[in-house]
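Participant: Here it is: the structure, laid out below.
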Amino acid sequence: MHSDETLDPKDWEAMRQLGHRMVDDMVSFLQDVRERPVWQPIPEKIQQQFKKPLPKDPQDPEQVYQEFQKNIQPYPMGNIHPRFWGWVIGTGTPMGAMSEMLAATINSNSGGGDHIANYVETQVLDWLKEIFAFPQKSSGLLVNGGSMANLVGLTVARNSMVDFNLRKEGLHSDSQPMLVYASSEAHSSIQKAIELLGLGSDSLRLIPVNKSFEIDILALEKTMRLDRHNGNTPFCIVGNAGTVNTGAIDNLNELADICQRENLWYHVDGAFGAWSILSSEYSSQLKGMERADSLAFDLHKWMYMPYDIGCILVKDEEKHRNSFSLTPGYLEHAKRGVAGGEHWFSEYGVELSRNFKSLKAWISIKEHGMNKYARQIQKNINQAKYLSQRIEASSELEQLAPTSLNIVCFRYTAKTLDEEKLNELNREILLQLHENGIAVPSYATLEDKYALRVSITNHRTLQVDLDLFVEEVLRLGRHFTSKI
Ligand SMILES: Cc1ncc(COP(=O)(O)O)c(C=O)c1O
């Protein structure tokens, strides 16, 4: 009865018209973003819309789009807005959004085979290797973010640093515990990866940091000596190229020296900070990052590409492939045809089916060129410095960590308030900033002090946005202090 039914539109022309309107609406949505609140709460009535039952019958695409416009479009996270500086979340670009439409239309599976998506990804990875001074013979994989990149890098580390076939035999219950070292400021995705790898979070040694939140190298060496003495096996050090809380950069060269001397795997988490290699001011601080065995970083943070896209680079292609490759008959590579192709990306990571995320990177890098990205990154670094200067200039504001890269941690302060009240006050300031749609910083707790944390991976931010933010923090701070 329905044998000729497909999911294509009956009326292609109507679909074209609807698509045109969607593009128009989305371009306007981005163009006018500054006029809207950064964030707004989702009214109860709207929340209820998302509890409606499973649709059984078709709805007119026009009607579905109207529902999107009414119930979805007005309530985004807000990271497309010039005053969103929470966590480490990128802004996206108009062309990046269009690229997603192009990629989804082509709808290739980038897991393997001989088709253009894999050539695009190979080229993007070659460009990334060049940027981060990795040899062209290194391997790489685009993944959905820094967490997955860390997991892939640490998997290769774990599998390569043992003298038995770990993939086949699993972790030996009677072998010495395998330890990973990172600073106490390392991102939680490192611990998550270690847990997923079956090593247990006890095998992650979190080393204290100095006043600048960088790993304490002497403490690291001392802990490692003691661990070896107690029969444990250190196998990996994770260096931070930009910590999530404060943007601190570990001494990456010294960590590389230790790894070389002690025969350890060197993994660097450069989720956002790795990109400061494009800043002449920071590139020397990142020296040693190119010596990593594996380097994780994102393109949806400081390269402003739409979610999601991250990357792992691994120096030793064979070790990388040996950690993931599995080719049963149904995935055998052919010499010709669609099942051909030199390089199947599914052999370098967890996922077999993979979307065509390389397209937005390829298009974006061509659209802007690396010099423009370098200028944007330097602009965000300068904006963080400007914000610090405004904080320094005010007796009511206190910086809680040295400003590194694009991150500023500070609080409103008043002499009359003790630490507990200051934490409470700054928490309230943060919530008011969010709830009134003024700005979205996030938060960090530094030496028990609650900090407003501004992390600028936003190409839309202007100086006026930072001025407005400072004035609003002062206004809210004074207002709530007078009420306590
Ligand atoms: C230093 C660091 N590593 C890893 C991650 C995780 O990245 P993703 O959120 O892309 O998984 C983050 C996220 O902010 C980060 O800042």
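The values are calculated or read from the model by the stated rules, or taken from the named source; none is laboratory data. Note that this is a predicted model, so its numbers are computed, not measured. Glycine gets a Cβ as well: all are built from the backbone with ideal geometry, and neighbour counts include every protein chain shown.
Here is a yes/no grid of residues against (1) closer than 20 Å to ALA361 by Cα; (2) assigned by TED's automatic domain parsing to the domain that holds HIS343; (3) hydrophobic (A, V, I, L, M, F, W, C):
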| position | (1), (2), (3) |
| --- | --- |
| THR122 | yes, yes, no |
| LEU125 | yes, yes, yes |
| PHE132 | yes, yes, yes |
| LEU142 | yes, yes, yes |
| GLN191 | no, yes, no |
| ILE207 | no, yes, yes |
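Participant: If I ask for residues that are surrounded by 10 or more Cβ atoms within 10 Å (Cβ to Cβ) and either without any contact (Cβ under 8 Å) to a residue 24 or more places away in the chain or under 28 Å from LEU466 (Cα atoms) (or both), which ones from the range 10-20 would you list?
Facilitator: The first filter runs over the range 10-20 and keeps only residues surrounded by 10 or more Cβ atoms within 10 Å (Cβ to Cβ), leaving 11, 14-20.
Those that are surrounded by 10 or more Cβ atoms within 10 Å (Cβ to Cβ) and either without any contact (Cβ under 8 Å) to a residue 24 or more places away in the chain or under 28 Å from LEU466 (Cα atoms) (or both): ASP11, ARG16, GLN17, GLY19, HIS20.
Participant: Right, another one. For the list (1) surrounded by fewer than 23 Cβ atoms within 10 Å (Cβ to Cβ); (2) within 30 Å of GLY96 (Cα to Cα), I need the number of the one condition that LEU405 fails.
Facilitator: Checking LEU405 against (1) surrounded by fewer than 23 Cβ atoms within 10 Å (Cβ to Cβ); (2) within 30 Å of GLY96 (Cα to Cα), the one that fails is (1).
Participant: Continuing with this model, one more query. Just to be sure, is GLY247 over 25 Å from the mean Cα position of the chain (by Cα) and part of a loop (DSSP other than H, G, I, E, B)?
Facilitator: no
Participant: Give me a count of the residues in the range 95-133 that are assigned to a helix (DSSP H, G or I), surrounded by 16 or more Cβ atoms within 10 Å (Cβ to Cβ) and among the charged types (D, E, K, R).
Facilitator: 3
Participant: I'm trying to understand the selection: among the residues of the range 182-206, which are outside any loop (DSSP other than H, G, I, E, B) and more than 16 Å from the ligand (Cβ to nearest atom)?
Facilitator: SER201, ASP202, SER203, ARG205
Participant: Let me ask something additional. Pairs only if they're at least six apart or on different chains, beta carbon under 8 angstrom, first in the range 300-315 and over 18 Å from LEU151 (Cα atoms), second surrounded by 22 or more Cβ atoms within 10 Å (Cβ to Cβ) and of a type in the set (D, E, K, R); list them, first residue then second.
Facilitator: Once the first residue is over 18 Å from LEU151 (Cα atoms) and sits in the range 300-315, its partners that are surrounded by 22 or more Cβ atoms within 10 Å (Cβ to Cβ) and of a type in the set (D, E, K, R) give MET305/LYS360; PRO306/LYS360.
Participant: Only strands (runs of 3 or more DSSP E) wholly contained in the range 369-465 count here; list those with 3 or more residues that are over 16 Å from SER279 (Cβ atoms) and hydroxyl-bearing (Ser, Thr, Tyr). Give the steps one after another, and end with the answer.
Facilitator: On the way: elements: 397-399, 407-412, 440-446, 449-455.
Of the strands (runs of 3 or more DSSP E) lying wholly inside the range 369-465, those with at least 3 residues that are over 16 Å from SER279 (Cβ atoms) and hydroxyl-bearing (Ser, Thr, Tyr) span 440-446.
Participant: Report the residue count in the range 255-284 for those that are among the charged types (D, E, K, R), more than 16 Å from the ligand (Cβ to nearest atom) and either touching a Leu at 6+ places or on another chain (Cβ under 9 Å) or not in a loop (DSSP other than H, G, I, E, B) (or both).
Facilitator: 3
Participant: Okay, next question. Just wondering, is there one or more residues in the range 356-369 that are free of Cβ contacts under 8 Å to residues at least 12 places away in the same chain and among the small types (Gly, Ala, Ser)?
Facilitator: Scanning the range 356-369, I find at least one residue that is free of Cβ contacts under 8 Å to residues at least 12 places away in the same chain and among the small types (Gly, Ala, Ser), so the answer is yes.
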